[in-house]
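Step one of this worksheet: look at the structure below.
The values are calculated or read from the model by the stated rules, or taken from the named source; none is laboratory data. Note that the structure is a prediction, hence the values are computed from the model and not measured. Here the Cβ positions follow ideal geometry from the backbone for every residue, glycine too, while neighbour counts run over all protein chains shown.
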C-alpha cells in the first residue's frame, strides 16, 4: 500500500512522535501535528478538543449513493511517565516521558491509512479517524464519549489495534469475545484501637484483623468465583504502624480486581465489601471500603470480529491470522467505546521481545510494553495501514442496502 517514499516518510513521522512524547491529556503538540496532517490531506470535517486533546477527522466516500453507514477507527496517542533507556536518534527528548506502549505507532498507522483513503475516497458513507488522549489510566475513551464523540460522529461499527510484543511481526491476533479484562481498584481502611504492643488484650489490633481479611479476600477467587470465570485479585499496598512497640489505630489495604465478565466482577465487589464488614465487626473494628470500577472488560462483537478476520486473511493469508488468541488480564479503555458501538479490538505482532527491529542504540533490555527499552516496530506501519484501507473498502465499499 505505501510506496518506499511514503513508508520512509511515515517512519520519520512516527519517530518524531516518539521523540516528543506527551502524557495523558497533555497531548497538545501531538494533537496539533495530527490536525495539521488531516487538514493538509483534505478531511471533510475535523473536530478538536474532544475529551481535552482528542481529535476526529471525517472522510466522506465518493462511491455510489450517499449512505448513513459510518465506521470509526481509533488510535491512542498518549505516552507513559517513564524515563527512556534507549540511545538511538529518536529517543525521547523529555526525562520521565516515553512512548513505551507504541501509541506513537498506532496513531502513525492511522495517519498513513487516512492519507491514502483521503486521496482515493473509494468507499461509500463516512469514515471517522479517532485520535484518543489519555488511554494510560486516564479513561480518555470515556472522556471523548462524555464530550459528545458519538453524538457528533455516529459510528455503525468501530475498530482499534494494539501492537503486541512476543507475537511474530505482522501476525494478527483476534478474539471474538472478551480480549482484555476489566480493571478495578479497592481501598479498605480498618479502624481498631491502638495501644501498647505488650498489652494486645487492651487493643483492637487492626494489623491482625487486616491479615485475616487479606486471606479471606484471596479466597474469593478460589472458593467463591466459578472456576471457569477467570479473575485476579491482588492486594498490592498495606500501610500500618509507626513504631515496633505501638499497636496503631488503623491499617490501609489497597489492590486491584480484574475480570472478563461483569458477573464475576459484581460477585467480587459484593464479597470484598461483605467480608470486610463482617470480619472487622467480629473483632470489634470498623471497615471503610471504597470499590472503584475503572475500565470495563474489552468485549468484542462476534460478527464484527469475523469481518475483520476475513480482511486480514485476504490480505496476509491464514498463517498470519490467529482467530482465538489468548486474552490478557491487562485493561484497555477502548472498552468504553465498545459498550456504545459494536466493534473489535485486536493485536498486531510487534515481533520477538528481543527487539531486533530496534537496530543500534537500544538499551539492551527486552522490547516489552511499559519497558524503558521498548520501541515500536516501524515495519508495522505499512501492514497496519494496508489493513485499515482494505477494511474500509470492504465495510464501506458498497451501499449499505446490500449488506
Of the residues in the stretch 170-201, those that are touching a residue at least 60 places away in the same chain (Cβ under 8 Å), surrounded by 17 or more Cβ atoms within 10 Å (Cβ to Cβ) and in a loop (DSSP other than H, G, I, E, B) come to 170, 171, 174, 175, 176, 181, 182, 192
Has the stretch 98-118 got at least one residue that is assigned by TED's automatic domain parsing to the domain that holds residue 10, buried (at least 24 other Cβ atoms within 10 Å of the Cβ), over 14 Å from the mean Cα position of the chain (by Cα) and part of a strand (DSSP E or B)? yes
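Residues are listed down the side, and each one gets a yes or a no for (1) in contact with a helix residue (DSSP H, G or I) (Cβ under 7 Å, 6 or more places away or on another chain); (2) surrounded by 13 or more Cβ atoms within 10 Å (Cβ to Cβ); (3) not assigned by TED's automatic domain parsing to the domain that holds residue 338:
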| residue | (1), (2), (3) |
| --- | --- |
| 206 | no, yes, yes |
| 212 | yes, yes, yes |
| 219 | no, yes, yes |
| 242 | no, no, yes |
| 273 | no, yes, yes |
| 282 | no, no, yes |
| 289 | yes, yes, yes |
Confirm whether residue 330 is modelled with pLDDT under 95, surrounded by fewer than 16 Cβ atoms within 10 Å (Cβ to Cβ) and under 19 Å from the mean Cα position of the chain (by Cα). yes
If we scan the stretch 72-93, do we find a residue that is free of Cβ contacts under 8 Å to residues at least 60 places away in the same chain, in a loop (DSSP other than H, G, I, E, B) and surrounded by fewer than 19 Cβ atoms within 10 Å (Cβ to Cβ)? yes
With the checklist (1) touching a strand residue (DSSP E or B) at 6+ places or on another chain (Cβ under 6 Å); (2) surrounded by 21 or more Cβ atoms within 10 Å (Cβ to Cβ) in hand, flag the one item residue 325 doesn't pass. (2)
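Quick test for you: out of 320, 386, pick the one residue that is surrounded by fewer than 18 Cβ atoms within 10 Å (Cβ to Cβ) and at pLDDT 95 or above.
On inspection, the qualifying residue turns out to be 320.
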What about residue 14, is it over 21 Å from residue 153 (Cβ atoms) and touching a residue at least 24 places away in the same chain (Cβ under 8 Å)? yes
Going through the stretch 11-29 in order, the residues found to be assigned to a helix (DSSP H, G or I) and closer than 11 Å to residue 103 by Cα are 14, 17, 18
Residue check, residue 142 assigned to a helix (DSSP H, G or I), touching a residue at least 24 places away in the same chain (Cβ under 8 Å) and more than 19 Å from the chain's Cα centre (by Cα): no
Test set (1) assigned to a loop (DSSP other than H, G, I, E, B); (2) farther than 22 Å from residue 179 by Cα - residue 357 fails condition number: (1)
When you scan the stretch 119-138, how many residues do you find that are assigned to a loop (DSSP other than H, G, I, E, B) and crowded, with 24+ Cβ neighbours inside 10 Å? 5
Residue 232: in contact with a strand residue (DSSP E or B) (Cβ under 6 Å, 6 or more places away or on another chain) and surrounded by 22 or more Cβ atoms within 10 Å (Cβ to Cβ), yes or no? no
